[in-house]
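Heads up, the thing below is written out as structure tokens.
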Amino acid sequence: MSPITEVEGRRLALSNLDKVLYPATGTTKGELLHYCALAAEPLLAHLRGRPVSFLRYPDGPDGQLFFTKNPPPGTPSWVRTVKVPRSAESTGRQVLVDDLATLMWAANLVVEFHTPQWEADRPALADRMVFDLDPGPPATVVECAVVARWLRERLAADGLVAYAKTSGSKGLHLLAALEPAPSGKVSAYAKALAVEAERAMPDLALHRMRRDLRPGKVFVDWSQNSAAKTTATAYTPRARPEPAVSTPVTWEEVAGCAEPGQLVFLVGDVPDRLRRHGDLMAPLIGPEHPGALP
């Protein structure tokens, strides 16, 4: 029997709480759900109003992974869904994770949370821009930090304030709030900056994904600004060997990154960071955010 718990008046069956999801650390599903409950306030703030895609890994990162934009089978009737464009001709429905009950229902499925750069009521009108800095070995997050600092200054020159988070994998994500603008326009601007970064740091930065160019360089992935694409949401757990979290970081931490382990945060690290720093990406949220046009 799965224990039944009540969250905000909704009855949830939470299953397999003792199941070890991350053998490297012995982290159980119950501990993962506990993390999601502790980090719920900032995690919900970054999910709210955006159609959510799930990367499911019910048997841990070594098991089968499957990515879904559609509401998973068995989604309760009380979970809010929204119609979203899939292409010029078609639409689909996606889940909105807008409250604690929905968050805990989704966390029980064992998921990464991924969101687009636009809100559900304004499809393909981006209110933020993202760069995914992805290192090609032997480059690491240390090299990503160098590129991130260059991009931060370059964005500042155009009136945009950049915020950094770990990807929860090997790299860094940079986000900036925008005055809402068409995703195509934002993508073109982001690509131009990636090209500029490569020109400024030819031995370090790369704007093309070509595998043969990747070793030792940082791929400045601008393509996640496409309306059809998504990025791992701030504070989401990741399906990595350890229970890593996509964690906002200070620019001091980015500047001081001398070895990869300095910018790795696991589910057990994040609650204390939230107590010390609050949500470092809070300025991206809400109508007050200081945006500019790309």
Out of 241, 290, report the one residue that is at pLDDT below 95 and open to solvent by 60 Å² or more (accessible area, probe 1.4 Å).
290
Among (1) under 23 Å from residue 138 (Cα atoms); (2) of a type outside the set (Lys, Arg); (3) part of a strand (DSSP E or B); (4) out of contact with any Pro (no Cβ under 8 Å at 6 or more places or on another chain) - the single one residue 194 does not satisfy:
(3)
Can you work out which of the residues in segment 210-233 that are of a type in the set (A, V, I, L, M, F, W, C), over 21 Å from residue 142 (Cβ atoms) and touching a strand residue (DSSP E or B) at 6+ places or on another chain (Cβ under 8 Å) is most open to solvent (accessible area, probe 1.4 Å)?
222
Here are some conditions: (1) surrounded by fewer than 21 Cβ atoms within 10 Å (Cβ to Cβ); (2) on the phi < 0 side of the Ramachandran plot. Residue 164 meets all but one. Which one does it not meet?
(1)
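Looking at 159, 184, which one is in contact with a strand residue (DSSP E or B) (Cβ under 7 Å, 6 or more places away or on another chain), among the small types (Gly, Ala, Ser), over 23 Å from residue 235 (Cβ atoms) and open to solvent by 10 Å² or more (accessible area, probe 1.4 Å)? Steps first, please.
Working: 184 fails: in contact with a strand residue (DSSP E or B) (Cβ under 7 Å, 6 or more places away or on another chain).
Of 159, 184, the one residue that is in contact with a strand residue (DSSP E or B) (Cβ under 7 Å, 6 or more places away or on another chain), among the small types (Gly, Ala, Ser), over 23 Å from residue 235 (Cβ atoms) and open to solvent by 10 Å² or more (accessible area, probe 1.4 Å) is 159.
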When you scan segment 124-146, do you find a residue that is surrounded by fewer than 24 Cβ atoms within 10 Å (Cβ to Cβ), in contact with a Leu (Cβ under 6 Å, 6 or more places away or on another chain) and hydroxyl-bearing (Ser, Thr, Tyr), even just one?
no
Please pick out the residue among 159, 168, 184, 256 that is over 21 Å from the mean Cα position of the chain (by Cα) and within 28 Å of residue 119 (Cβ to Cβ).
159
Can you give me the number of residues within segment 27-72 that are open to solvent by 10 Å² or more (accessible area, probe 1.4 Å) and at positive phi?
1
Would you kindly identify the strands (runs of 3 or more DSSP E) lying entirely within segment 1-106 that contain at least 1 residues that are under 19 Å from the mean Cα position of the chain (by Cα)?
51-56, 66-68, 91-96
Among the candidates 112, 89, which residue alone is open to solvent by less than 60 Å² (accessible area, probe 1.4 Å) and of a type in the set (D, E, K, R)?
112
Taking only pairs six or more apart or across chains, which ones have beta-carbon atoms under 8 Å, a first residue in segment 143-154 that is among the β-branched types (Val, Ile, Thr), and a second residue that is part of a helix (DSSP H, G or I) and surrounded by 18 or more Cβ atoms within 10 Å (Cβ to Cβ)?
147/197
May I ask you to verify whether residue 271 is in a loop (DSSP other than H, G, I, E, B) and in contact (Cβ under 8 Å) with a residue 24 or more places away in the chain?
no
Note on residue 190: of the conditions (1) small (Gly, Ala, Ser); (2) more than 28 Å from residue 43 (Cα to Cα); (3) in contact (Cβ under 8 Å) with a residue 60 or more places away in the chain, unmet is (2)
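Kindly indicate whether any position in segment 246-269 is of a type in the set (A, V, I, L, M) and touching a Gly at 6+ places or on another chain (Cβ under 6 Å). Explain how you work it out, then say what you get.
Let us first name the residues in segment 246-269 that are of a type in the set (A, V, I, L, M), namely 249, 254-255, 258, 263-264, 266-267.
Cutting the leftovers down to touching a Gly at 6+ places or on another chain (Cβ under 6 Å) gives us none.
The answer is no, given that none of the residues of segment 246-269 is of a type in the set (A, V, I, L, M) and touching a Gly at 6+ places or on another chain (Cβ under 6 Å).
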If residue 107 meets every condition in (1) crowded, with 22+ Cβ neighbours inside 10 Å; (2) closer than 30 Å to residue 12 by Cβ; (3) in contact with a Phe, Trp or Tyr (Cβ under 7 Å, 6 or more places away or on another chain) apart from one, which number is that one?
(3)
Using beta carbons and a limit of 7 Å, which pairs, at least six apart or on different chains, have the first residue in segment 114-128 and more than 12 Å from residue 184 (Cβ to Cβ) and the second one of a type in the set (Val, Ile, Thr) and assigned to a loop (DSSP other than H, G, I, E, B)?
114/230; 114/233; 115/230; 115/233; 116/230
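The values are calculated or read from the model by the stated rules, or taken from the named source; none is laboratory data. Keep in mind that what you see is a predicted model, and the values were worked out from it rather than measured. FYI the Cβ positions are ideal-geometry reconstructions off the backbone, even for glycines, and counts take in every protein chain you see. Accessible surface areas use protein heavy atoms only, side chains included; no ligands, DNA or RNA. Shrake-Rupley method; radii C 1.70, N 1.55, O 1.52, S 1.80 Å.
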